[in-house]
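For reference, the structure is listed below as structure tokens.
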Amino acid sequence: MGNIVAPPPVKLFIGMLSQDVSLIEKLKNILSDIFGTVDLESPVWAWEHTRYYENEMGPELKRKFIFFKRKIRPNEISGIKLLTNEVENKHLNESGGRRINLDPGYLDAAKLVLVSTKDFSHRIYLDKGIYGEVTLIYSGKTYRTLPYTFPDYRTEEYMEVFKKAREIFKTQI
């Protein structure tokens, strides 16, 4: 029988998706008040990978990632997803739809994990109605996709920022 050991800390990040770049910046500040110093952020990118959110949030969405200096334990991610859902709900549009989508996840030296309120065949239940999935794996000095990896997470731009975050993470552990 193996020894049961708590997993080491991981690097928290949040992907933000909105039409409103000023709202993205406002939420970056709110989230840093909650989770601490942001030590890396991506540029704001045009998000044209699917029309999934268009009915709720409108066209011409923008994506930005922020990464936090403070490490978390992997089991904290369910509570973080619930908290980011609360933050989203404080910024609804006049018809009750989201103006921003907040997608927390974490990375360590070997993988990038996203969480969701939606179950699917490749997701495992974590806690409190939250499911997790390994979205990217790090192998051979780069990130590798999996059959279910979202199209935007397959892009070189995302991979480069995740590699930078991984390098920062490695110096912090």
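The values are calculated or read from the model by the stated rules, or taken from the named source; none is laboratory data. Predicted model only: the values in this text are computed from it and were never measured. As a convention, Cβ positions derive from the backbone with ideal geometry for all residues, glycine included, and neighbour counts pool all protein chains shown. Side chains are part of the model used for accessible areas, which takes the heavy atoms of the whole protein and leaves out ligands, DNA and RNA. Shrake-Rupley method; radii C 1.70, N 1.55, O 1.52, S 1.80 Å.
Determine the alpha carbon to alpha carbon distance for each of LYS90/LYS118; LYS62/LYS170; LYS128/LYS164; LYS11/LYS118; LYS11/LYS62 and list only those over 25 Å. Going by Cα-Cα distance, LYS62/LYS170; LYS128/LYS164 fall outside the 25 Å limit. Result for the chain in a Gaussian network model with C-alpha springs under 10 Å: among ILE137, ILE77, ILE34, the largest mean-square fluctuation is at ILE34. For the range 56-91 versus the range 132-164, the spacing of their alpha-carbon centroids is 18 Å. The mean sequence separation of alpha-carbon pairs under 8 Å and at least six residues apart, normalised by the residue count of the chain, gives a relative contact order of 22 percent. Running a GNM on the chain with Cα contacts under 10 Å, which residue among PHE65, PHE13, PHE150 ends up with the highest mean-square fluctuation? Of PHE65, PHE13, PHE150, the most mobile in the Gaussian network model is PHE150.
Computed with a 1.4 Å probe on the full set of protein chains, the accessible area for SER32 sits at about 30 Å².
Comparing GLY96, GLY79, GLY105 in a Gaussian network model of the chain (Cα springs below 10 Å), the most mobile by mean-square fluctuation is GLY96. Axis of helix 77-89 versus longest Cα principal axis of the chain: the two differ by about 10°, to the nearest ten degrees. To the nearest ten degrees, helix 156-172 and the longest principal axis of the Cα atoms of the chain are 50 degrees apart. Computed on protein heavy atoms with a 1.4 Å probe, the accessible areas place ARG144, ARG123 in the order ARG144, ARG123, largest first. How tilted is helix 21-35 with respect to the longest principal axis of the chain? Cα atoms for both, answer in degrees (0 to 90, nearest 10). So the helix axis and the longest Cα principal axis differ by about 40 degrees.
Surface composition of the chain: carbon plus sulfur atoms contribute 53% of the solvent-accessible area (1.4 Å probe, protein chains only, all chains present). Taking a Cβ cut-off of under 11 Å around ARG144, the surrounding Lys, Arg, Asp and Glu residues balance to a net charge of +3, with basic ones at +1 and acidic ones at -1. Once all protein chains are placed together, VAL113 keeps about 10 Å² accessible to a 1.4 angstrom probe.
Rounded to the nearest 500, the 222 nm mean residue ellipticity of the chain from helices alone is -9000 deg cm²/dmol, with -39,500 (n - 2.57) taken per DSSP H run of at least 4 residues. Loop-located GluC sites (Glu not before Pro) across the range 54-145 with a Cβ neighbour count of 14 or fewer within 10 Å are GLU60, GLU94, with loop assigned by DSSP.
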